[in-house]
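Novice: The structure follows.
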Amino acid sequence: MALNVGAVAAPGHARNNKTGSWRVFCPTLDTAKCNKCGTCALICPEVCITLSGEFYSVDYDFCKGCGLCAEECPKDAITMKKEEK
Amino acid sequence: MLQITEGSHAVAEAVKLCRPQVVSAYPITPQTHIVERLAEMVADGDLNGEYICVESEFSALSSCVGASAAGSRVYSATTSQGLAFMAEVVFNAAGMRLPIVMTIANRALGAPLNIWNDQQDSIFLRDSGWMQIYGEDAQEAMDLHFIAYKLAERHDVLLPCFVCLDGFIVSHTFEPVDIPSQKEIDEFLPAFNPLHRLDAKNPMSFGMYATPDCYQEFRYEINAAMIRAKAAYREIAAEFKAKFGRDYTGLVEGYRLEDAETAIVAMGSICGTAKDAIDEMRDAGEKVGLLKIRSFRPFPSEEVRTALKGVKNIAVIEKNISIGSRMLGAVGLEVKDAVYKDSPNIFSYVGGLGGRDIRKRDIKQIVQWAKEGRNDCFFGLREELLK
């Protein structure tokens with residue numbers, strides 16, 4: 001962020017911090033198993049899973065790889081894969 | 001016109017004259033009389049501001065942070081445990097660069113519980129980014145509030161400020177005090193002009209999240225502002241002197257230091273006793289003087305070094321202990337850093353903790369110890385209580 005006195009910024013500023021760079025394990029969706037219940041989107045603490053197009057997708061700019069979506073998915077459609085960077 | 005006033009009430013008068021829009025404080029001994037009087041002033045309509053009755057010191061300073069961010073001039077006061085409870089917000093207020101002025105009626109920290117004076121409370125927050133200035137008596141404690149607001153609110157400073165006075169010794173003592181008129185203070189202290197302001201129409205977040213790629217630079221900037229505060233303080237105090245005649249222009253102040261071989265260094269009310277002791281020692285032919293530290297943050301290293309040039313022995317009276325530090329006292333560490341190139345003997349003597357009186361004979365003994373090269377130690381210890 002730009003330096004200013006008191007670290008003052010307009011709302012939505014945290015969007016500039018691409019916290020996805022912290023991720024070690026990457027959620028990957030198996031569309032064959034997914035029934036589009038939306039539990040992953042509901043549970044995601046970063047609110048970075050959204051319905052886009054036919055299936056839910058993850059915004060990897062902000063996903064920290066916490067794995068809650070994979071843990072909660074009733075169809076075990078999400079697996080956490082070690083990320084190759 | 002001089003009025004006989006309790007130190008706390010002199011501070012309350014000073015605060016009223018500064019026209020704070022928000023006062024938020026939680027009563028705690030020995031600060032209570034200050035906020036009690038301010039609450040009365042608000043209730044009586046003498047102070048046109050909001051007095052927020054909070055349930056704790058944490059809330060007191062938190063509401064000051066919010067009010068200051070919204071562009072109000074704000075005030076709080078506390079001491080000891082209350083200040084310790086505020087500690088998290090103390091750092092945040094400095095980081096958000098909010099020019100809050102807070103009186104600290106200096107008191108010891110527990111345990112054991114103790115309500116009496118030493119300076120451990122403000123000193124333990126020396127690294128928080130708040131300025132710390134110490135008044136010796138009621139008049140100085142009062143006047144430093146006018147200077148503190150003007151200094152804190154300057155756009156090249158924008159840092160909060162503790163105005164410290166010794167609990168009970170200054171806060172509960174009646175002294176003649178010259179209270180300026182509202183007109184005079186209005187001329188000296190203009191309304192607060194905030195750099196940023198919380199505004200529903202133009203929303204802002206204060207004290208934003210800073211990742212490792214920029215946090216360090218924010219800290220650098222806070223420190224740079226603290227360094228700029230030295231010159232700003234001198235300018236404002238000179239303006240104060242020109243208007244009111246009372247001289248606080250030095251971040252330090254020397255007393256009979258010319259040709260002194262031994263110097264006492266002290267902060268706060270003990271300087272008065274030290275001056276009396278020095279007068280008696282001077283009458284007896286001893287070359288001894290006092291350096292009073294008025295500003296502990298920013299610490300005026302250059303002024304300390306200049307003032308102590310040529311002095312052979314330095315005895316720092318410490319109403320605090322930096323537990324685990326070899327030198328014992330937090331003030332001594334700073335003074336030693338300031339003068340080390342001149343290589344005088346310099347010692348920290350810790351005493352007066354938890355309200356134990358420091359007498360003229362204690363000060364004379366300390367001077368003797370410094371001349372003899374007695375190492376950093378406590379004074380006034382009751383050896384019979386120690387195993």
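The values are calculated or read from the model by the stated rules, or taken from the named source; none is laboratory data. Since the model is a prediction, treat every value here as computed from it, not as a measurement. Note that each Cβ is placed from the backbone with ideal geometry, even for glycine, and that neighbours are counted across all protein chains shown.
Novice: Checking the condition of a type in the set (Gly, Ala, Ser), within 14 Å of another protein chain (Cβ to nearest Cβ) and either under 28 Å from B:Ala225 (Cα atoms) or surrounded by fewer than 22 Cβ atoms within 10 Å (Cβ to Cβ) (or both), which residue from B:Gly82, B:Gly71, B:Gly110, B:Gly45 passes?
Specialist: Residue meeting the stated conditions: B:Gly71.
Novice: If you don't mind, another one. In region B:162-176, is there at least one residue being of a type outside the set (Ser, Thr, Tyr) and under 19 Å from B:Glu303 (Cβ atoms)?
Specialist: Yes, region B:162-176 contains at least one residue that is of a type outside the set (Ser, Thr, Tyr) and under 19 Å from B:Glu303 (Cβ atoms).
Novice: A further question follows. Residue check: is B:Ala266 surrounded by fewer than 23 Cβ atoms within 10 Å (Cβ to Cβ) and within 22 Å of the chain's Cα centre (by Cα)?
Specialist: Criteria not met by B:Ala266.
Novice: Which is of a type in the set (D, E, K, R) and more than 26 Å from the chain's Cα centre (by Cα), of B:Asp213, B:Asp279? If you could, list the steps in order and put the result at the bottom.
Specialist: Details: B:Asp279 fails: more than 26 Å from the chain's Cα centre (by Cα).
B:Asp213 is the lone residue from the list that is of a type in the set (D, E, K, R) and more than 26 Å from the chain's Cα centre (by Cα).
Novice: Considering (1) under 30 Å from B:Ser181 (Cα atoms); (2) within 14 Å of chain A (Cβ to nearest Cβ), say which one B:Tyr248 fails and leave the rest.
Specialist: (2)
Novice: What number of residues within region A:5-23 satisfy the criterion of being in a loop (DSSP other than H, G, I, E, B) and either aliphatic (A, V, I, L, M) or under 12 Å from the mean Cα position of the chain (by Cα) (or both)?
Specialist: 6
Novice: With the requirement that a residue be facing chain A (nearest Cβ under 9 Å) and assigned to a loop (DSSP other than H, G, I, E, B), what does region B:194-212 give you?
Specialist: Matches in region B:194-212: B:Leu195, B:His196, B:Asn202, B:Pro203, B:Met204, B:Phe206, B:Gly207, B:Met208, B:Tyr209, B:Ala210, B:Thr211.
Novice: Still on this structure: Can you name the residue in region B:116-147 that is of a type in the set (A, V, I, L, M) and farther than 16 Å from B:Gly7 by Cβ and is also surrounded by the most Cβ atoms within 10 Å (Cβ to Cβ) among such residues?
Specialist: Out of the qualifying residues, it is B:Met131.
Novice: List every residue pair whose Cβ atoms lie under 6 Å apart, where the two residues are 6 or more positions apart in sequence or sit on different chains, the first residue falls within region A:10-23 and is more than 9 Å from every other protein chain (Cβ to nearest Cβ) and under 20 Å from A:Val58 (Cβ atoms), and the second residue, located anywhere, is among the hydroxyl-bearing types (Ser, Thr, Tyr) and surrounded by 11 or more Cβ atoms within 10 Å (Cβ to Cβ).
Specialist: From region A:10-23, the pairs are A:Gly20/A:Tyr60.
Novice: Would you mind telling me which numbered condition in (1) touching a residue at least 12 places away in the same chain (Cβ under 8 Å); (2) assigned to a helix (DSSP H, G or I); (3) out of contact with any Lys or Arg (no Cβ under 6 Å at 6 or more places or on another chain) B:Val339 fails?
Specialist: Condition not satisfied by B:Val339: (3).
Novice: Something else about it: Quick one: which residue in A:Cys40, A:Cys26 is surrounded by 17 or more Cβ atoms within 10 Å (Cβ to Cβ) and touching a helix residue (DSSP H, G or I) at 6+ places or on another chain (Cβ under 6 Å)?
Specialist: Among A:Cys40, A:Cys26, only A:Cys40 is surrounded by 17 or more Cβ atoms within 10 Å (Cβ to Cβ) and touching a helix residue (DSSP H, G or I) at 6+ places or on another chain (Cβ under 6 Å).
Novice: For region B:358-380, what are the residues that are loosely packed, with under 13 Cβ neighbours inside 10 Å and either under 26 Å from the mean Cα position of the chain (by Cα) or in a helix (DSSP H, G or I) (or both)?
Specialist: B:Arg361, B:Glu372
Novice: Here's a follow-up. Scan region B:88-103 and tell me whether some residue there is closer than 30 Å to B:Gly351 by Cα and polar (S, T, N, Q).
Specialist: Checked against the condition, which is being closer than 30 Å to B:Gly351 by Cα and polar (S, T, N, Q), region B:88-103 yields at least one hit.
Novice: Select, from A:Cys63, A:Cys37, the only residue that is in a loop (DSSP other than H, G, I, E, B), modelled with pLDDT of 95 or more, within 30 Å of B:Tyr215 (Cβ to Cβ) and more than 14 Å from chain B (Cβ to nearest Cβ).
Specialist: Answer to the selection: A:Cys63.
Novice: Considering region A:44-57 alone, what residues qualify as being touching a Cys at 6+ places or on another chain (Cβ under 6 Å) and aliphatic (A, V, I, L, M)?
Specialist: Residue satisfying the conditions is A:Ile49 alone.
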